[in-house]
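**Student:** Pasting in a structure now, in structure tokens, and then I'll have a few things to ask.
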Amino acid sequence: MQTHQSTIDPSEVAKFEAMAAEWWDPSGKFKPLHMMNPVRLDYIVSQIAAEFARDLTADKPFEGLRLLDIGCGGGLLSEPMARLGATVIGADAAERNIPVAQVHAEQSGLDIDYRHTTAEALAEAGEQFDVVLNMEVVEHVADPLGYLTACRTLLKPGGLMICSTLNRNPKSYMMAIFGAEVVMRWLPKGTHEWKKFITPGELFDLIRNAGLEPVDRKGFVFNPVLWSWSISERDLSVNYVTASVKPA
């Protein structure tokens, strides 16, 4: 596989390869993602349904949509998208994630095309998608604009990209790094680099410069009292998500 060093950060890939076997352990190193996954899915499903006028009461509402889950990891998002009827390609630059995802999909009776590849390689191959899921990846790449430009190339005209990341401010440092990595030990130390976090304003500028049109953004907020996540219209202070479209 050709590796595009313009956006792939080998040290970031190595972090996730070291944790690959734990993707489906809800109490393991990916516990924060398992806890957040329901709100991520709520947002993703609602945005896709709205953009493509899909009836979520249908048996397979996303049937006919080709979806790319870039940075798919073990398939925490790829699998529910496949269950909703989408044709799913899961791609990850960390080679060890792919067999973990493949085995779990087979055990779950799901047909998902998992590939050890990059956004740039898929774009160069002429791949096209109705939806690109780009969740918690952009803060790990070496060149965010180049990476987002590749994601735009992968979208069909009128296609939808959903991109989530972490805000950069003192609160995000305390919660996402000190809290999650040091106090709670949910993640290995060094999983995130605060300087790579991206503010909502910066991400919207990057998305526009990549040739996409932002249409929505929300916050993912953790309540330590209720020990649960929720979607917020206003609080983008730590985790947040955006939706953008490729002009038709």
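The values are calculated or read from the model by the stated rules, or taken from the named source; none is laboratory data. All values reported here derive from a predicted model rather than from experimental measurement. As a convention, Cβ positions derive from the backbone with ideal geometry for all residues, glycine included, and neighbour counts pool all protein chains shown. Protein only, heavy atoms only, side chains kept; ligands, DNA and RNA dropped before computing areas. Shrake-Rupley method; radii C 1.70, N 1.55, O 1.52, S 1.80 Å.
Residue by residue, here is whether (1) surrounded by 23 or more Cβ atoms within 10 Å (Cβ to Cβ); (2) over 19 Å from residue 89 (Cβ atoms) holds:
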{"residue": "133", "(1), (2)": "yes, no"}
{"residue": "143", "(1), (2)": "no, yes"}
{"residue": "150", "(1), (2)": "yes, no"}
{"residue": "153", "(1), (2)": "no, no"}
{"residue": "156", "(1), (2)": "no, no"}
{"residue": "160", "(1), (2)": "yes, no"}
{"residue": "170", "(1), (2)": "no, yes"}
{"residue": "173", "(1), (2)": "no, yes"}
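**Student:** Among the residues that make up region 63-79, is at least one of them surrounded by fewer than 23 Cβ atoms within 10 Å (Cβ to Cβ) and in a helix (DSSP H, G or I)?
**Tutor:** Yes, region 63-79 has at least one match.
**Student:** Out of the residues in region 33-48 that are surrounded by fewer than 19 Cβ atoms within 10 Å (Cβ to Cβ) and in contact with a Leu (Cβ under 9 Å, 6 or more places away or on another chain), which is nearest to residue 60 (Cα to Cα)?
**Tutor:** 45
**Student:** Please indicate, with yes or no, whether at least one residue in region 43-65 is among the polar types (S, T, N, Q), under 21 Å from residue 214 (Cβ atoms) and over 15 Å from the mean Cα position of the chain (by Cα). First the steps, then the outcome.
**Tutor:** Step one: of region 43-65, the residues among the polar types (S, T, N, Q) are 46-47, 57.
After this cut, where a residue has to be under 21 Å from residue 214 (Cβ atoms) as well, the list is 46-47.
Pick out the ones that are also over 15 Å from the mean Cα position of the chain (by Cα) and you get 46.
For region 43-65, residues among the polar types (S, T, N, Q), under 21 Å from residue 214 (Cβ atoms) and over 15 Å from the mean Cα position of the chain (by Cα): present.
**Student:** Follow-up. Quick check on residue 102: is it closer than 18 Å to residue 242 by Cβ, part of a helix (DSSP H, G or I) and open to solvent by 10 Å² or more (accessible area, probe 1.4 Å)?
**Tutor:** Spelling it out, it is not the case that residue 102 is closer than 18 Å to residue 242 by Cβ, part of a helix (DSSP H, G or I) and open to solvent by 10 Å² or more (accessible area, probe 1.4 Å).
**Student:** Identify, from the list 163, 151, the residue that is outside any loop (DSSP other than H, G, I, E, B), more than 14 Å from residue 240 (Cα to Cα) and modelled with pLDDT of 95 or more.
**Tutor:** Just one listed residue meets the conditions, 151.
**Student:** Further question on the same structure: Considering only region 49-61, state which residues are surrounded by fewer than 17 Cβ atoms within 10 Å (Cβ to Cβ) and either in contact with a Lys or Arg (Cβ under 6 Å, 6 or more places away or on another chain) or free of Cβ contacts under 8 Å to residues at least 60 places away in the same chain (or both).
**Tutor:** 49, 50, 53, 55, 56, 57, 58, 59, 60
**Student:** OK, next. Looking only at region 51-88, how many residues end up being among the basic types (Lys, Arg) and either at pLDDT below 95 or in contact with a Pro (Cβ under 8 Å, 6 or more places away or on another chain) (or both)?
**Tutor:** Total satisfying the criteria: 1.
**Student:** What is the one condition in (1) within 27 Å of residue 203 (Cβ to Cβ); (2) open to solvent by 20 Å² or more (accessible area, probe 1.4 Å); (3) free of Cβ contacts under 8 Å to residues at least 60 places away in the same chain; (4) not in a strand (DSSP E or B) that residue 115 does not satisfy?
**Tutor:** Unmet for residue 115, out of (1) within 27 Å of residue 203 (Cβ to Cβ); (2) open to solvent by 20 Å² or more (accessible area, probe 1.4 Å); (3) free of Cβ contacts under 8 Å to residues at least 60 places away in the same chain; (4) not in a strand (DSSP E or B): (4).
**Student:** Does region 195-207 contain at least one residue that is over 17 Å from the mean Cα position of the chain (by Cα) and modelled with pLDDT under 95?
**Tutor:** Yes, region 195-207 has at least one match.
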